[in-house]
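Asker: My questions all concern the structure below.
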Amino acid sequence: MNLNGDSPVNGDFGVPDGLLDELRVMAREGKLAGLRRTRLDLVGEWLDRGAGAEETCRRLTRFNRDVVTAVLEAHVAEYPWLARCTFMEFGSGGREEMVPGSDQDNGLLVPKAVDEAVDEAEMDDCTQSIVIALDGAGLALCDGGVMVSNPEWRGDFDTWLARLTGWLSNPAEKGPWQSGLILDFQAVFGAEDEVRRMRERLWEYVRTKPIALSLLVRELTDYRLPLTLFGAFVTEREGPWHGYLNIKKSVLAHLTNSARILALKYGVHPHNTCERIRALAGAGHIAEQHGRALLDGWEYLQRKRLDIGLECDRTGLPPHNYVNPAALDQAERGRLKAAIHAVEKLVRLVQAGSGL
């Protein structure tokens, strides 16, 4: 990992040569079930060849976007109006940080003319077919309903902007989406200009509305360092994951959220968490040494999630984000503790205000 402002990722992020055309054929014929295996094989191959977690997550995100593109193109043949819409990806997909097991978090920007012309039942049929096809291709349905099949995740520009700003400004609107998900999004299929403009408007809204920004910071108030005063890991006390630590919920999510808040404050524009950290450190908003520690922590935690995803596939278990600290060797326990301490420092920086 480096702080020179350049991504350490090299090469083409797309699918292997010729595979996109194969995806289009598979989507048209409804034969996408084998992509789950392809996806995992690609992740294993990238890691075996020495790719880091950041590079692998970016490649996986681009592969998944090619799958989405193939599915959407197949649906345009039956629903021509879909070509005038824009399919958006939220959350980890919007940040290019997907891992095996990442589910669908998507929305559809529908021009007003299309929305007025297309029957609601037809819109429902089309979007339901899309999410089912993606599920069959290995992109699981979202438990929180953040999918184009949900009318709340469709609409024209004005509807989307009012909806997102309303969610951000109303503390009662706490839902499965969370602010982190709705603030990180990109266009995957269709015109990008309106999505880019919406993102700029939304970020400007958050930056200029104290209540919106304070609510983002408030999400960090429940953060508790998953280490005791004596350096022991704080793990699950009961249930099937007794003795395990959820590295996404307990550590990585707070790194992602804190970096986003500082990016909002300072007008840092990259979508990706690592790129945000590099930009913040490069501009002096985060100390250089702290920035390196955060990047190293992100790389370690995300690599663990990738390895867990592959191991779950080998053992026939659903992917998860739990690590058993007692099963780690001394070096890994040290890296995990270093990541936790670096994230805590970042969280405290945001909570203290740092000029917010």
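Please treat every number below as a calculation from the coordinates, not as lab data. The model shown is predicted, which means the values in this text are computed figures rather than measured ones. No Cβ is skipped: glycine too gets one built from the backbone with ideal geometry, and neighbour counts run over all protein chains shown.
Asker: For the chain, compute the number of Lys pairs whose alpha carbons are separated by less than 16 Å, excluding pairs fewer than 8 positions apart on the same chain.
Answerer: The result is 7.
Asker: With 10 angstrom as the radius, rank Ile277, Ile132, Ile340 by how many other C-beta atoms surround their C-beta, starting from the fewest.
Answerer: The most exposed by this proxy come first: Ile132, Ile340, Ile277.
Asker: Given DSSP loops and a limit of at most 14 other Cβ atoms within 10 Å, what is the longest stretch of the chain that contains no such trypsin sites (Lys or Arg not before Pro)?
Answerer: 50-173
Asker: If you take every residue apart from Ile247 with its C-beta less than 10 Å away from the C-beta of Ile247, what net charge results, scoring Lys and Arg +1 and Asp and Glu -1?
Answerer: +4
Asker: For segment 160-167, just list the computed ³J(HN,Hα) in residue order, Karplus coefficients 6.51, -1.76 and 1.60, θ = phi - 60°, integers in Hz, with x standing in for Gly and Pro.
Answerer: The phi angles translate into 5, 5, 5, 5, 5, 5, x, 4 Hz.
Asker: Once you keep just the Cα pairs under 8 angstrom separated by 6 or more residues, what percentage relative contact order results for segment 220-351?
Answerer: Relative contact order comes out at 33 percent.
Asker: Now for a different question. For the chain, what relative contact order do you get, as a whole percent, if you take Cα pairs closer than 8 Å and at least 6 residues apart?
Answerer: Contact order relative to length: 20 percent.
Asker: Additional query: Can you work out the Karplus-derived ³J(HN,Hα) for every residue in segment 236-251? Use 6.51 cos²θ - 1.76 cosθ + 1.60 with θ = phi - 60°, whole Hz, and x for glycine or proline.
Answerer: Once θ is set to phi - 60°, the couplings for segment 236-251 become 4, 8, 8, x, x, 9, 4, x, 9, 10, 7, 6, 6, 5, 7, 10 Hz.
Asker: Label Arg37 and Thr315 with points 7 Å out from Cα along Cα→Cβ: what is the distance between them in nm?
Answerer: 2.3
Asker: Highest GNM mean-square fluctuation, the chain, Cα pairs closer than 10 Å: which of Asn64, Asn246, Asn257?
Answerer: Residue with maximal mean-square fluctuation among Asn64, Asn246, Asn257: Asn246.
Asker: Here is a follow-up. Going from the alpha-carbon gyration tensor of segment 19-209, what semi-axes, largest first and in whole Å, does one get by taking the root of 5 times each eigenvalue?
Answerer: Whole-Å semi-axes of the equivalent ellipsoid: 27, 22, 14.
Asker: Still on this structure, please answer the following. Give the long-range amide H neighbours of Ala140: residues separated by 5 or more places, or on another chain, with amide H under 5 Å away, using H modelled in the peptide plane at 1.01 Å from N.
Answerer: It is Gln104, by chain and number.
Asker: If we restrict to alpha carbons, what Rg and Dmax does segment 220-351 come to, in Å?
Answerer: For segment 220-351, the Cα-based Rg and Dmax read 15.3, 46 Å.
Asker: Moving to a separate point now. Based on DSSP, what percent of beta bridges with both residues in the chain are antiparallel, to the nearest 5?
Answerer: 85
Asker: Per DSSP helix of 4 or more residues, -39500 (n - 2.57); summed, then divided by the residues of the chain. What does that give at 222 nm, rounded to the nearest 500?
Answerer: -17500 deg cm²/dmol
Asker: For the chain, what is the convex hull volume of the alpha-carbon atoms per residue, in Å³?
Answerer: Measuring per residue, one finds 145 Å³ for the Cα hull of the chain.
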